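The values are calculated or read from the model by the stated rules, or taken from the named source; none is laboratory data. Quantities reported herein were computed from a predicted structural model and do not represent experimental measurements. With ideal geometry, Cβ positions are generated from the backbone for all residues, glycine too; neighbour counts draw on all protein chains shown.
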Amino acid sequence: MSLERVKSRFDIIGDNPRLNRALEIALQVADTDLTVLVMGESGVGKEVIPKVIHTNSVRKHNKYFAINCGAIPEGTVDSELFGHEKGAFTGAVENRKGYFEEANGGTLFLDEVAELPISTQARLLRVLQSGEFIRVGSSKVQKTDVRVVAATNIDLARAIESHKFREDLYYRLNTVPITIPALRERYEDIHLLFKKFALDFAERNSMPKVTLTPDAIELLSSYRWPGNVRQLKSVTEQLSLLEPERVIDADALHKYLPIESGRNLPMRREDFMGDDYSRERNRIYSAIYSLRQEVARLKEIVESSTQPFTPSATPSLSSDRELLQNIEETSAVELEEEPPATLSIQKVNEELIRLALERHGGKRKPAAEELGISERTLYRKIKELDISL
């Protein structure tokens, strides 16, 4: 089957080279019985690869099962995969075949394979190596002929290091690795997928489909998409349902693209740095001002023979908080522009003294107390810095 026919049959949208390569490998390995390990982030569409492999294999007329290993409770996973005998445990009222027995002659897709318990991983390794398994509660060895395709969205090398995944099982599963690229790595496919999802939603719900303006297309394509294709489909359907207009611009689209924290931030700086960023930046700069003032103050105390270093010479915590708040509020407008590369301690001292004097109506004694220096030192600073009252 050609690549284009595979895409058409399985509704695969896109022409990204890495995606095409993954599909090509799936077609090449389909006629063999080699075990395949599909890797990729959550939401990239890993489940399509085992379907492509099974449909193009000699097993295509036999059973195909897709099992989410992470959704099976740990206490029942062995029973689900390998079956159990009547009376093997509470609730086992009859003999039951497991997936490996049911899928004999067919294909088994083990999604989230890294979620399997270590004990189950040992059983899985045995059935992959010899085709042998034992039902829970039985001592009889049985045989099965099953093609296994596994998938994971975690780094198995790290799982091995932390003893959460067997190294021998990894090498057995990883006979043929296939990696599905993340959506952010398929820049050229993002808008194509959006159009497909928008059209599908419109047809299902008998409504006009939504389209994007050029600036919305740019925003759509530059977003990081931590949830990959699954998230893109969800956003498309939300837009189609909730937006009154059928032509979506960047402002409307932006409301549906949540800002992710840490590594999941959208890719464009201007898309996520708004008012919160400015406030945080102002707080940082204010803290720098305060820190520099503390350094100057300590230096002044050490050098002054008439100003001993006593607890009373240190400003109270509440005074510092009020001062910092004052600086932040006063400097907010000025800090909208980037600050100079270096800050003069003299300039900072002058600004702090001026602010303290203004707060106390020009009265030096309360201003000096707020600044944590003596009135005499404050008077000297006013003269040195030529501060007008």
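Screening the candidates Ser57, Ser42 for the property of being part of a loop (DSSP other than H, G, I, E, B), at pLDDT 95 or above and hydroxyl-bearing (Ser, Thr, Tyr) yields one hit, Ser57. Among the residues making up segment 83-99, a single one is in contact (Cβ under 8 Å) with a residue 40 or more places away in the chain and in contact with a helix residue (DSSP H, G or I) (Cβ under 6 Å, 6 or more places away or on another chain): Gly83. Within segment 73-90, if we keep just the residues that are among the hydrophobic types (A, V, I, L, M, F, W, C) and at pLDDT 90 or above, the residue that is nearest to Ile118 (Cα to Cα) turns out to be Val77. Tell me yes or no: at least one residue of segment 187-198 is free of Cβ contacts under 8 Å to residues at least 60 places away in the same chain and either farther than 26 Å from Asp249 by Cβ or aliphatic (A, V, I, L, M) (or both). Scanning segment 187-198 turns up at least one residue that is free of Cβ contacts under 8 Å to residues at least 60 places away in the same chain and either farther than 26 Å from Asp249 by Cβ or aliphatic (A, V, I, L, M) (or both). Among strands (runs of 3 or more DSSP E) entirely within segment 95-181, having at least 1 residues that are touching an Asp or Glu at 6+ places or on another chain (Cβ under 8 Å) and among the basic types (Lys, Arg) singles out 141-143, 147-152. Taken over segment 24-55, the criterion of being buried (at least 18 other Cβ atoms within 10 Å of the Cβ) and touching an Asp or Glu at 6+ places or on another chain (Cβ under 8 Å) is satisfied by Lys46 alone. As a summary of the residue check, Arg166 satisfies the conditions (1) modelled with pLDDT under 95; (2) of a type in the set (Lys, Arg); (3) surrounded by fewer than 20 Cβ atoms within 10 Å (Cβ to Cβ) except for the one numbered (1). For Asn56, are the conditions met, namely being closer than 27 Å to Trp225 by Cα, touching a residue at least 40 places away in the same chain (Cβ under 8 Å) and of a type outside the set (Asp, Glu)? Criteria not met by Asn56. In the condition set (1) in contact with a Pro (Cβ under 7 Å, 6 or more places away or on another chain); (2) outside the structural domain of Lys86 (by TED's automatic domain parsing), Val149 is compliant with all but (2). Do the conditions hold for Arg21, that is, is it charged (D, E, K, R), assigned by TED's automatic domain parsing to the domain that holds Ile134 and modelled with pLDDT of 95 or more? Considered against the rule, which asks whether it is charged (D, E, K, R), assigned by TED's automatic domain parsing to the domain that holds Ile134 and modelled with pLDDT of 95 or more, Arg21 comes out as yes.
Limited to segment 175-192, what total is found for residues that are surrounded by fewer than 19 Cβ atoms within 10 Å (Cβ to Cβ) and more than 23 Å from Leu27 (Cα to Cα)? Spell out the reasoning first.
Residues of segment 175-192 that are surrounded by fewer than 19 Cβ atoms within 10 Å (Cβ to Cβ), as a first pass: 175-177, 179, 182, 184-185, 187-188, 191-192.
With the extra rule that they be more than 23 Å from Leu27 (Cα to Cα), the set shrinks to 184, 187-188, 191-192.
Here the count works out to 5.
Checking each residue in segment 29-61 for being closer than 12 Å to Val149 by Cβ and of a type in the set (D, E, K, R) picks out Asp33, Lys46, Glu47, Lys51, Arg59. Residue count for segment 361-389 under the criterion of being in contact (Cβ under 8 Å) with a residue 12 or more places away in the chain, outside any helix (DSSP H, G or I) and within 13 Å of Glu351 (Cα to Cα): the result is 2.
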